Amino acid sequence: MILRLRSASPEDTFEIARALGAALRPGDVVALYGDLGAGKTLFCKGVGEALGIPPDRIVSPTFTIVTEHAGPVPLTHIDVYRLAGVRDADGIGMRELLSGDGVCLVEWAEKIEELLPTDCIRVKFSFSGDDLREIEIAAPDLPGFYEFRARSIRFQPGG
Ligand code: ADP
Ligand code: MG
């Protein structure tokens, strides 16, 4: 299942993320792809809010690679930008982090592609103007996907 959405503002992206967050289950991994400034961290804030974690706690880490947030559903926020690659990731226990009990969000997921679970949810951002973002969301196995699709209808081109 693939959904292509159009965000025209940071608020749109936040709302899309919150809708996806509501569809997630403990154990889900969300892999985020896209260049610097695409909106990955903002998206994590929206997912966090859906899970009961205040958005201001989810920040763009400068040197921190992993932040764990306690909540009704624990949220692990990972930014692998500073990792050289899979060997580095293995060294900090990435496989264990990705198979935890909570929801796991990974920014710059392309860097650790080989380690991602096959059923992970992939969110790809591309820039199409100053505030415009195309957001493609692929989820091979997410029961809440249809509800998410319904909730994000106003962001679907032609929807
Ligand atoms: P990343 O984590 O991908 O580097 P951030 O989420 O930290 O990106 O930053 C995205 C920046 O782009 C923010 O400053 C945000 O206000 C801005 N922005 C402008 N339009 C959008 C949009 N439609 N969606 C997401 N962010 C947007
Ligand atoms: Mg970021």
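What the table below lists for this structure:
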{"item": "Hz values of 3J(HN,Hα) by residue in the stretch 17-34 - Karplus curve (6.51, -1.76, 1.60), Gly and Pro given as x", "result": "5, 5, 5, 5, x, 5, 8, 7, 10, x, x, 6, 10, 10, 9, 10, 10, x"}
{"item": "DSSP-defined beta bridges in the chain - what % are antiparallel, rounded to 5", "result": "55"}
{"item": "Surface per residue (accessible, 1.4 Å probe) for the stretch 1-79, Å²", "result": "44"}
{"item": "Square roots of five times the Cα gyration tensor eigenvalues for the stretch 1-77, Å", "result": "18, 16, 12"}
{"item": "Protein-only accessible surface order, largest first, of Tyr146, Tyr33 at 1.4 Å", "result": "Tyr146, Tyr33"}
{"item": "FRET efficiency estimate (nearest 0.05) - Cβ-Cβ, Asp88 to Tyr146, R0 30 angstrom", "result": "0.20"}
{"item": "Accessible surface ranking that places the most exposed of Asp88, Asp130 first, with a 1.4 angstrom probe", "result": "Asp130, Asp88"}
{"item": "Taking the convex hull of Cα positions in the stretch 63-127, its mean projected area over all directions (nm²)", "result": "5.0"}
{"item": "Distance-filtered residues of the stretch 1-39 - backbone nitrogen under 19 Å, label point 7 angstrom along Val59 Cα→Cβ", "result": "37, 39"}
{"item": "Scaled radius of gyration (Cα, divided by 2.2 N^0.38 Å) that the stretch 97-159 gives", "result": "1.30"}
{"item": "Cα gyration tensor category, rounded, prolate or oblate, for the stretch 1-149 with a/c compared to 1.5", "result": "rounded"}
{"item": "Zone residues, the stretch 1-36, relative to Gln156, backbone N less than 20 Å from point 7 Å out along Cα-to-Cβ", "result": "1-9, 12-24"}
{"item": "Linear extension gain, Asp101 paired with Thr118, 0.36 nm per residue minus alpha-carbon span", "result": "4.4 nm"}
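The values are calculated or read from the model by the stated rules, or taken from the named source; none is laboratory data. Just so it is clear, the model here is predicted, and its values are computed rather than measured. We place every Cβ from the backbone using ideal geometry, glycine too, and count neighbours over all the protein chains shown. Note: areas computed on protein heavy atoms with side chains; ligands, DNA, RNA excluded. Shrake-Rupley method; radii C 1.70, N 1.55, O 1.52, S 1.80 Å.
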